[in-house]
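The values are calculated or read from the model by the stated rules, or taken from the named source; none is laboratory data. What you see is a predicted model, and the numbers here were worked out from it, not measured in a lab. For neighbour counting, all protein chains shown are included, and Cβ atoms are generated from backbone atoms with ideal geometry for every residue, glycine included.
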Amino acid sequence: MRQEVARLGLAEQVHFRGIRPNPDVFHQAIDVFVMASEKETYSMVTLEAMAVGVPV
């Protein structure tokens, strides 16, 4: 996914973040949430994003 973002020239618009201690700050800063995982399709972070109204 990182390679595709780079190939499309979207590095300034797409950011990959690791674990964050305060998810509220994260949710306020994003426009959309994507869970790009083949093994974990319905996770707690997906539910949290939905709960605060972020498009998933």
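Computed quantities for the displayed model
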item	result
Looking only at region 1-27, and only at residues there that are surrounded by 10 or more Cβ atoms within 10 Å (Cβ to Cβ) and of a type outside the set (A, V, I, L, M), the one that is modelled with the lowest pLDDT	20
Filtered residues of region 20-56 (kept if outside any loop (DSSP other than H, G, I, E, B) and either in contact with a Lys or Arg (Cβ under 7 Å, 6 or more places away or on another chain) or not β-branched (Val, Ile, Thr) (or both))	23, 24, 26, 27, 28, 29, 44, 47, 48, 49, 50, 51
Subset of region 28-43 (residues that are at pLDDT below 85 and either exposed (fewer than 10 other Cβ atoms within 10 Å of the Cβ) or among the polar types (S, T, N, Q) (or both))	36, 37, 38, 39, 41, 42, 43
